[in-house]
Structure formats: structure tokens, C-alpha cells
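This report concerns only the one structure given below.
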Amino acid sequence: MVQPIAITNPEDPRIEPYRAVRERDLVGRENRFVAEGEVVLRVLLRQDRFAIESLLLAEGRIESLSDCLAALPPGIPVYAAGRAVMDAIVGFPIHRGILAIARRAPLPPAASFLAALPEDALVLGLVGLANHDNVGGIFRNAAAFGADAILLDETSCDPLYRKAIRVSVGGALVVPFTRAGPAPALIGSLREAGFEILSLSPSGREPLGRIRRRGRTALLLGAEGPGLPPELLAETRTVTIPMSGGFDSLNVATTSGIALYELTRREPETTP
């Protein structure tokens, strides 16, 4: 059992990586990220591609996390602080008394990333999604419905931003992802890897419920409001989710859940 290290001074240099979490999240953490909350910590402990460097816990959470502490690899420090000290370190009180610092895994090139996926892989492509809540929600849905991977363009936000991980309930730690540069490069990478590309849009030509996957399939999602760029829609197969009375303003995270349900509820067709 790990013996927690008591922290009584918010200025203690040993907990420097946790200082002013909210502000430092915005400028990056030198290939590290912050995991927050019990559910996310338990997910993180099950992942091999992220190395946990330390934990910072409120004193009152130690006992309830005894099984997590027992599962930590040897040598990882666990710091414990009273709630007031912990809030002073982090810079805000809403952290559930559980924080971890982990190291990011390097992102692989899109070509090799896609090549390693199964022959019937289902991938989500995110274009221009800058909202961490939406990205977190999409990763949560992708994990729930068993999507194989997520490909992000260069303008989409970081799935390992603390808030995105929290909203994803750890899904951002489960679903493999990488970046593919600008949207045209993302499309090119998917085509070269043999994916049929579906673009989801209110103006799509085919109802999503009629689509039957055939082998590798990628579903592209755009930001709320602008949606996917017109030039991207013009060169891909467009699909839509019909809505009552012409109302066409589903939240993109909600849309991803509906779309993933439709695309995974039937086995993909195989080529004779």
C-alpha cells in the first residue's frame, strides 16, 4: 500500500505540476495532462499508453481509493492535502479531491495510425471542433459504441484537456486518436487507407438510417453553426439525421451518439 505524502504548504515545490491547473491547461503542460475525478482516475489506471507521474488527493479521499493506490506502479508519489490547501494549490475548488498528472503518448502519423486499424474499422473525423465539452462528449459516445479511433484536424481542440477528459468520463483516455493536419489532409489520409467517407450535415443527401457500412467507414463531424466546409461536403458522401418540423440544430455530441448507434447496430456488409 502506498503511503501518502502529506502536503501542508501550498507552495511546496513537490506539487508544482498541479499549481494553477486551470490557467496552465490553456498553455500546455510539456507533454503532460491532468486527470480529474475518481471515475477518470480508474480509467487511467487501466490504460497502458499513459504513464502516471503522481497523484494529488484530498485527505478525505484516501480510504475510498485504497484499491487504486494499491494498483499504482511502484515509485509513483501520492500527495495528500487538506481541502483548503488543495484548493490553494490548484486554484479552484471544483476538482472532486482527486487529481493525477500523466504523460502523453506521442501521436502517431495518420497514415500508420489508420493502417493499423481493422478491416471493418469505424472512425470519427472531427473538423473544426473547438469546444471541449463537445469533444469530450464525442469521445464518451465513441467509447460507448466501440468506435475504433478518432482522427482530428489541426483546428479541433485537445481531447486531453482536463475538461474534455472529465466530460468524456475517461473516454478520451480509451479511444485511440491522432491528428491529420488540415481538413483536406484528413480526407486524403482516410481515402489512402481505404475508408468510405460519410459527412454528416443537415443538408446531407441520404438519411443516415439507410446507410449500411461496407468495410472501413469514417464519419465526419463539423462544429455547431458552420458545420463541415462546403468543399468537403462536395467531395464526400453526405448523410443526414431527419428531424421534426425542419428543426436542424442537434448538439454535435448528441448527433455523434445517434450516428454511432445507427452505424454500429448492424454488422458491416462484407464484399463477396
³J(HN,Hα) computed for each position of the stretch 162-174 - Karplus, 6.51 cos²θ - 1.76 cosθ + 1.60, integer Hz, glycine/proline x: 3, 5, 5, 4, 4, 5, 6, 6, x, x, 5, 8, 9
Percent of Cα pairs exceeding the 34 Å cut-off, where the set is the chain: 27 percent
Normalised contact order of the stretch 5-103, rounded percent, pairs of Cα under 8 Å and 6 or more residues apart: 50 percent
Fewest-first ranking of E262, E53, E11, E59, using other Cβ atoms within 10 Å as the exposure measure: E11, E53, E59, E262
Relative contact order for the chain, counting Cα pairs under 8 Å that sit 6 or more residues apart, in percent: 19 percent
For I76, residues with placed amide H under 5 Å, excluding near neighbours: none
Fewest-first ranking of M243, M86, using other Cβ atoms within 10 Å as the exposure measure: M243, M86
Dipole of the stretch 5-103, positive direction: furthest Cα of F33, I7, L55, with charges on the beta-carbon: F33
Of A102, A84, A172, the one that fluctuates the most in a GNM where the chain has Cα springs shorter than 10 Å: A84
Sorted by Cβ neighbour density within 10 Å, fewest at the top, the residues I15, I211: I211, I15
Gaussian network model of the chain, Cα within-10 Å springs - most flexible of V127, V174, V43: V43
Rounded Å value of the spacing that divides the Cα centres of the stretch 45-72 and the stretch 200-264: 39 Å
Antiparallel DSSP beta bridges within the chain, percent to nearest 5: 30 percent
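Rule-based calculations on the coordinates, nothing more; no lab input. On a predicted model such as this, the values are computed, not experimentally measured, just so you know. Don't worry about glycine lacking a Cβ; one is built from the backbone with ideal geometry, like all the others, and counts go over all protein chains shown.
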